[in-house]
């Protein structure tokens with residue numbers, strides 16, 4: 001079984017997944033805009049950050065993505081097993097993540113999101129792929 005939490009990208013994905021477990025998007029309340037004129041729906045783009053996207057059907061980028069999906073699925077399984085039986089959990093990172101999520105459960109709405117985001121950001125220590133894996137780009 002792979003160790004959890006080796007890269008910042010995986011940690012970010014785990015954060016998003018963990019937040020989705022404790023706070024479904026349907027429960028979030030958006031703040032009101034100061035003025036209805038501040039958003040122009042006709043000029044807004046559907047894509048994140050206004051960037052164009054392309055479907056990738058073959059090549060190195062697709063392979064990287066598929067490997068990442070497998071790693072995330074493996075880590076989800078570790079989290080699920082650890083959540084079901086913390087006493088037998090072999091992953092300190094999974095236990096830390098679950099403790100952060102547990103602390104956030106006592107809060108609601110944006111306070112919950114803020115607490116979990118802050119706690120995870122404090123745990124993340126950036127490292128290059130070269131330092132982690134011995135190669136420039138994993």
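The values are calculated or read from the model by the stated rules, or taken from the named source; none is laboratory data. Just so you know, these numbers come straight off a predicted model, no measurement behind them. Methodologically, a virtual Cβ is constructed for each residue, glycine included, from the backbone with ideal geometry; neighbour enumeration extends over all protein chains shown.
Figures for the structure shown
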item: Residue 109, sole failed condition from (1) on the phi > 0 side of the Ramachandran plot; (2) in contact with a helix residue (DSSP H, G or I) (Cβ under 6 Å, 6 or more places away or on another chain); result: (2)
item: Leading residue by the ranking (farthest from the chain's Cα centre (by Cα)) among those in the range 119-136 that are surrounded by 12 or more Cβ atoms within 10 Å (Cβ to Cβ) and not in a loop (DSSP other than H, G, I, E, B); result: 133
item: Residue in the range 53-61 that is part of a helix (DSSP H, G or I), within 18 Å of residue 13 (Cα to Cα) and either over 16 Å from the mean Cα position of the chain (by Cα) or modelled with pLDDT of 90 or more (or both) present; result: yes
